[in-house]
Amino acid sequence: MYAKTKFWQKIEPKIHQTIHKPKATWKAKSLLYATDFKSSDIPQKLQQQTIAAANCIMKGNIAIFDVDYQFTQPISWHTDWRVHHEWKNNYFKGYSFYHKDKTKEYDVKFPWELSRLSFLIPVARAYQLENNEAQLAYIHAILTDWKVNNPIAFAVNWYPMEVSVRTINLIQLREILLEANHTDEVVNLLNEILLLHGIFLWRNVEYTDVRGNHYSANLTALLLLGSVFKEFYSEAKSWYSYAVKRTEKEFHLQFIPDGVNFEKSIPYHRLVVEFYLISFLVMQRAGLKIQENTLKVLKNSCKFTRDVTKPDSLTPIIGDNDSASVFQNDQVPLNNHANMLQLASLFFQDETLNISNEKYHSAYEIFGTKAMENVSSISQDDFASYHYKDGGFVTVKDAQNYFITDVGEVGMNGRGGHGHNDLFSFELMLDNENIIVDAGCYTYTGDLALKTKMKSTAYHNGLQVDDEEIAPMVGNWGISDVAHPFEVSVEHSEEKVIISGKHSGYQRLEDAVMHQRTFQIDKNDFKMICTDVIDCKSTCKITRNLHFSEKIALEIHENIIFIRNSKASSKITVDNATTIRIENYTLSYNYGSKITAKKVVLETEIKGKSSLQFTIEKENN
């Protein structure tokens, strides 16, 4: 209807007139940023970092997924510049991104990420500090060019999730500029762009029977837009009331009570926690009451991020990872979630959530200078284990060593979504060096075959029977809900932690196979023993895969695999019935980036009930 009546073409000039008709610039704020923040109050080191980042960006050096690319103006907003593939401007519902057998590996995620416009935030921060007219002119030029080349609903960048994330970024940009001098013209331009975003999003909310991070992003964007414009543009009142009415209820549908996001992806967990931290903070500042149980679950979700963080301050990449964040301008790698945890520590006034000695720009902006005066962190040096029973994760760690395993269902209420076939897979770090890692998630639409491969059982550190998937995959995103974990237990003693569980994934096979995996981790030396008990009637081929960090060198001597890295050495001792071989695999730490690393494939032929085992330990033990 909107396309046939040319609603979209008609609304742009109307909004332009609405914005420019009043003599005064509309300057109502979203309530996301603190009222007492002054850019001059942040530490000198942070100021210098901000100015340096802005200078690089204005020279065309823009980081996309933590990789620096060089852009010249005018920017081509609809192109995957890596392979020179362009999406022509068409009605947004007419695009299809799932093309097989491509001659070039083009991926719409790259122009989408660029068009999220997060890179303008450091430039605005620098303008706050320096009042350099060139910085303001750069922001104005980029926004103008983006608006001209992306008419509402008629460009590849008008996808509801992208509109939502871009809105959250532009709201932050606007809040910064409202505190700077001589910014009325740019703020007016932002007002126009943001109103168009609200009008589009309101008509394209991603409401489905089971909703995920997209709908959470929609709600956060509508809440912020409504907060800013509800007294200026009448429809914005509906945006605001819709988001306020649904946000808290939706939060409980997407977060398990112990705090784990139901999509079962650690990178997406961070993104969705960011959305709800923003939403509940803005709602509280608007005088709306958030239920105690809601805040309890939100705090649990932040504790989960803290508890799965490795000693090197990075999080494991379990499940899909599109490297998304709406607080990605704090000079930290995308897999470092410490800035989000600092925001959580200030929100809850709980220093145990803060794991960083650094103070982040976003924390100053959102909570103000005074709140940052007493920010402190608490490091974890003691051996500890964390079992998220409902969420399905177990971590064991101390100051230098780390272990995590997925002991939960596939995610998204059994649909898979952003989850992988990684039940009872694990990661292991010894002496601050990654040993066994998750292969990550390189791409979505760029290479559909590789995307499916990287979700598969063989691409994780689990166990495979007769080359079958632990659960069959469905389409481009789904995984069958057949691999249910049960009898999962975590036992603690003074010397060790024992994690054990069974699953039904291979019960569907003609020879119904039962699999139980047990991990034993010793407290003193972090020695890990993995025991697999497999019960089958006929002869089965059992494959266990171990994916290593790219920094690891491997040597096989009979049934021992020697592991060499830059800091220390370790070894894996494998049962004698198993053959061992080394293969290459694709490892991805960020979306769109891949490297080649080594994996070990352990193969064993069994019949009847069998027990297989391997031990990973530091070589000096």
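Please treat every number below as a calculation from the coordinates, not as lab data. Note that this is a predicted model, so its numbers are computed, not measured. Cβ atoms come from the backbone with ideal geometry, glycine included; neighbour counts cover every protein chain shown.
Quick notes
- Highest mean packing first, where packing is the average number of other Cβ atoms within 10 Å per residue, the peptides 458-465, 373-380 line up as 458-465, 373-380.
- In terms of packing, defined here as the mean over residues of other Cβ atoms within 10 angstrom, the peptides 93-103, 215-225 line up highest first as 215-225, 93-103.
- Cβ crowding within 10 Å ranks SER456, SER30 as SER456, SER30, fewest other Cβ atoms first.
- Shape class of the range 311-453 from the Cα gyration tensor (axes a ≥ b ≥ c, square roots of the eigenvalues): prolate, since a/c reaches 1.5 or more and a/b is larger than b/c.
- Between the helical axis of 7-20 and the longest alpha-carbon principal axis of the chain there is an angle of about 60 degrees.
- Positive-end residue of ILE121, TRP146, ILE317, charge dipole of the chain with Cβ unit charges: TRP146
- Principal-axis tilt of helix 213-229 within the chain, Cα atoms, nearest 10 degrees: 20 degrees
- Projecting the Cα positions of ASN559, PHE548, ALA344 onto the charge dipole of the chain (unit charges on Cβ atoms of Lys, Arg, Asp and Glu, taken about the Cα centre) puts ALA344 furthest along the positive direction.
- Ordered by the number of other Cβ atoms lying within 10 Å of each residue's own Cβ, fewest first, GLU365, GLU433 fall into the sequence GLU433, GLU365.
- Both radii were evaluated on the Cα set of the range 245-342; the Rg over Rh quotient, with Rh as the Kirkwood radius, amounts to 0.96.
- Burial order of peptide ranges 438-450, 80-92, 591-603 (average beta-carbon count within 10 Å, highest first): 438-450, 591-603, 80-92
- Mean separation of Cα contacts under 8 Å, 6 or more apart, over the residue count of the range 300-445: relative contact order %: 22 percent
- Across the chain, Cα pairs under 8 Å and at least six residues apart give a relative contact order of 10 percent.
- Note on the chain: with charges restricted to the Cβ of Lys and Arg (+1) and Asp and Glu (-1), its dipole about the Cα centre is near 2120 debye.
- Considering only MET528, GLN400, SER538, the residue lying farthest towards the positive end of the dipole of the range 384-618 is GLN400, judged by Cα position with unit charges set on Cβ.
- Prolate/oblate/rounded call for the range 384-618, Cα gyration tensor, a/c under 1.5 rounded: rounded
- Taking a sphere under 11 Å around the Cβ of PRO485 and counting the other residues whose Cβ falls inside, with K and R at +1 and D and E at -1, yields a net charge of 0.
- Net charge of Cβ neighbours under 13 Å - reference LYS296; Lys, Arg +1; Asp, Glu -1: -2
- Centre-to-centre, using Cα atoms only, the range 576-612 and the range 170-194 are separated by 52 Å.
- Rounded FRET efficiency, nearest 0.05, which uses the C-beta distance separating ALA384 from ASN584 and R0 of 30 Å: 0.25
- Subtracting the Cα-Cα distance of ARG564 and ARG82 from 0.36 nm times their residue separation leaves 170.1 nm of extension gain.
- Check: the range 420-564 dipole with +1 on Lys, Arg Cβ and -1 on Asp, Glu Cβ, in debye: 240 debye
- For the pair the range 225-258 and the range 488-528, the centres of their Cα atoms are 43 angstrom apart.
- For ASN90 and HIS16, the difference between the fully extended length at 0.36 nm per residue and the C-alpha to C-alpha distance is 24.4 nm.
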